[in-house]
């Protein structure tokens, strides 16, 4: 797996709405920063994802204009515009924001160790 495919697999796992699939791609020490919350444990990250999936039904998440700004043999950092769409309270909604993802390579596998999303 390349760092680029790690991002693709992460987006695909997110769109399954199954945290076990997402968790397989996360580093055990992953840290997430959102506009209104920081998550520093796997339990907090799981709760945030599951709350988002409960709030926005049938959500589809995507990454546009991905730029890899720092890459070496053991880490890769990208910036992108995230987009989402789905149904909230029965009404179709969509939106976007900015994202930073940091991947690390350990034991031959790329894992997400940090994500920062903001509107």
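Cα gyration tensor of the range 1-64, axes a ≥ b ≥ c as square roots of the eigenvalues: rounded (a/c below 1.5), prolate (a/b > b/c) or oblate? Cα axes put the range 1-64 in the oblate bin. Cβ crowding within 10 Å, taken as a proxy for footprinting-reagent exposure, orders 33, 53 from fewest neighbours to most as 33, 53. Recomputing Cα extents along the principal axes in Å from the coordinates shown identifies the correct label among (1) 42, 34, 29; (2) 42, 31, 28; (3) 45, 30, 24 as (3).
Using Cα atoms only, what is the angle between the long axis of helix 42-55 and the major principal axis of the chain, expressed in degrees (0 to 90) to the nearest 10? Rounded to the nearest ten degrees, it is 30.
Quick one: order 91, 115 by neighbouring beta-carbon count within 10 Å, fewest to most.
Numbers: 91 7, 115 20.
Lowest to highest Cβ neighbour count: 91, 115.
Between 0 and 90 degrees, the angle of helix 3-14 with respect to the longest Cα principal axis of the chain falls at about 30 degrees. Take the alpha-carbon centre of the range 3-20, take the same for the range 46-107, and report the distance between them in whole Å. Centre-to-centre distance over Cα atoms comes out at 9 Å.
Can you give the FRET efficiency for residue 18 and residue 98, using 1/(1 + (r/R0)^6), R0 = 35 Å, r = Cβ-Cβ distance, to the nearest 0.05?
0.85
Values quoted throughout were computed directly from the atomic coordinates according to the rules given, and no laboratory measurement underlies them. Computed from a predicted model, the values in this text were never measured in an experiment. As a convention, Cβ positions derive from the backbone with ideal geometry for all residues, glycine included, and neighbour counts pool all protein chains shown.
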